[in-house]
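Report on one structure; see the data block that follows.
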Amino acid sequence: MIANRDRCEVAIIGAGPAGVSCACVLAQAGVDVVVFERGKYPGAKNMFGGIFFTSLMKKALPDFDGNAPFERFVAKRRHSMLVDDSEMAFSFEPGEYKQPPHNHCLIVKRSVFDQWFAARAEALGAKIVNGITVSDFLWDGNRVAGVSMGPHGENALLADVVVCAEGANSLLSQKAGLRNRLSRRARSVAVKEVIELPKSVIDERFGLTEREGAAYEYYGGATGGRLGCGFIYTNKESLSIGVAVLISEFSRRNGGQPLSPHDLLEAFKAHPCIVPLIRGGKTLEYAAHMIPTDGYKNLPRLFTDGLMLVGDAAGLLNNSFLHEGVNMAMASGIKAAETILANRKKKRYDAEGLSLYQRLLNDSFVLDDMKNCRNFLDILHMHREFVDVYPRLAKDALTEYFRVNDISKRILKRRAFGKIRDGTNMVKMASAFTSFMKGGF
């Protein structure tokens, strides 16, 4: 029992993908590691759209053979722009993704998957303690020396090093002085419903067979012109549907009133292009979650004496159309574990010793990908026409070009181009797209 322990080698705060990946690597090396999870079980308080990236599972679990509990694999991706009652979409369905390992993209339910993942960590020797909230750190001078639990910190556990994987709303990282107070532009809020539908109905509506799944993402009108997106992911016998929007965007008014996340989700579900996909479904779950949108230029300090930040707590998310976060979380957890193992013999867990963690992330895809899309949100903030003006111009131009009548296509093409030319400054549009392609895409 944890009450009988007063010290461990490594204390990990949070049993999400980052924390459990770190625990798996450490436990396999014989490290005495304890993971604290504030939920009743791993995954109880976690929410995401639905795609779990498994490319790093072999590093966390060398015997991983794809036997994780998953709903479907992602066989079809679709990106759509909603304008009024219209939709413009790009669908991508490569045959290669229908063969193992399915592009390492599985649609999962976190409440199921996280329990399975945590159980694997426990089988390797990690101890996971559920229903415990870490309220603060223990300090030895300026060094983090453990964790305290309970409303008043009445329980404590000393640790040689602490790994903070508590999620996007990381108050502990603020207490440690690794980040400033969060701004509304540094976090998004996502709301999601799980809607029950028979597998046969889902397969028919989305053009799927067997365990094939679809990942649909929507922009523009999906969030009322706010910076964010809507999404639909197919589970085996249900759909995960939701919206995710920057918190700062909720101060933007619509008809004189600010919209709530719930209002945006209801409006998204009522769109004429969405209704046929969810018709007849029964809502099983409703959840909300915070998402880090710090971006590469606003990352917190990732380590200090006795402490490292991983996953969402470290703000590690690809803030582009890719929305990759799980694989970055797992990679950071693995790199934190490798840093601990490299310093274990000398117990060199001061800031200088833990600086290896920063170097490992710098050399990985994690920070390289974040650096590559570092200007994505800034460009959208500066050029809001990407989410309102340009989609409407494209929709009007395409509507004109594909109009069936007795007018020649040469004239229709000229009219379509005229819609774009008359609706915007062409030089400004060219400059905006150039900036987007160079610094944000």
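No lab work stands behind these numbers, since they all come straight from the coordinates. Please read these numbers as outputs of a predicted model, since none were measured by experiment. Cβ atoms come from the backbone with ideal geometry, glycine included; neighbour counts cover every protein chain shown.
In plain terms, if you count all Cα to Cα distances in the stretch 330-441 and split them into 10 Å steps from zero, the share in each step is 12, 25, 18, 15, 13, 10, 6, 2, 0 percent.
FRET efficiency for T209 and K297, Cβ-Cβ distance as r, R0 = 51 Å, nearest 0.05?
Values: r = 44 Å, r/R0 = 0.86.
Efficiency, rounded to the nearest 0.05: 0.70.
Quote to one decimal, in nm, the extra length available between V112 and N130 on full extension: 0.36 nm per residue of separation minus the C-alpha distance between them. Numbers along the way, then the final one.
On the way: separation 18, 0.36 × 18 = 6.48 nm, distance 1.51 nm.
Between V112 and N130, full extension yields 5.0 nm more.
Could you please report the charge total around L302, scoring K, R as +1 and D, E as -1 over all other residues with beta-carbon less than 12 angstrom from its beta-carbon?
Working: positive: R179, R301, K335, R359; negative: D294.
Value of the local net charge: +3.
Summed over qualifying helices (DSSP H, 4 residues or more, each -39500 (n - 2.57)) and divided by its residue number, the chain shows a 222 nm mean residue ellipticity of -9500 deg cm²/dmol.
With a ≥ b ≥ c the root eigenvalues of the C-alpha gyration tensor of the stretch 38-192, is it rounded (a/c under 1.5), prolate (a/b larger than b/c) or oblate? Spell out each step's value before the answer.
On the way: a/c = 2.64, a/b = 1.55, b/c = 1.70.
Oblate, since a/c reaches 1.5 and b/c is not below a/b.
If you wrap the stretch 251-351 in the convex hull of its Cα atoms and look at it from every side, the mean projected area works out to 10.3 nm².
Inverting the mean 1/r over all pairs of different Cα atoms, compute the Kirkwood radius of the stretch 364-412 and quote it in Å. Intermediate results must be reported in sequence, preceding the final value.
Working: mean 1/r = 0.0721 Å⁻¹.
For the stretch 364-412, inverting the mean 1/r across all distinct Cα pairs yields 13.9 Å.
Run a plain Debye calculation on the stretch 1-125 (Cα atoms as equal point scatterers, no solvent) and give log10 I(q)/I(0) at q = 0.09, 0.19 Å⁻¹, rounded to two decimals, same order as the q list. Per q value, in the given order, log10 I(q)/I(0) is -0.35, -1.05.
Provide Rg over Rh for the chain; use the alpha carbon set for both Rg and the Kirkwood Rh (inverse mean inverse pair distance). Don't skip to the answer; put the middle values down first.
Details: Rg = 23.5 Å, Rh = 23.2 Å.
Reported Rg/Rh (Cα atoms, Kirkwood Rh): 1.01.
With an 8 Å cut-off on Cα pairs and a minimum separation of 6 or more residues, tell me the relative contact order of the chain in percent. Provide the component values of the computation, followed by the final result.
On the way: 899 pairs, mean separation 80.5, N = 441.
The normalised contact order for the chain reaches 18 percent.
Here is the tail figure for the stretch 377-439: Cα pairs spaced more than 19 Å apart come to 39 percent of all pairs.
Taking a sphere under 12 Å around the Cβ of K409 and counting the other residues whose Cβ falls inside, with K and R at +1 and D and E at -1, yields a net charge of +3. Counting Cα-Cα pairs of the stretch 185-292 in 5 Å increments starting at 0 gives whole-percent bin shares of 2, 13, 24, 23, 17, 12, 6, 3, 1, 0. Once the C-beta distance of I407 and S435 is scaled by a Förster radius of 25 Å, the resulting FRET efficiency is 0.10 to the nearest 0.05.
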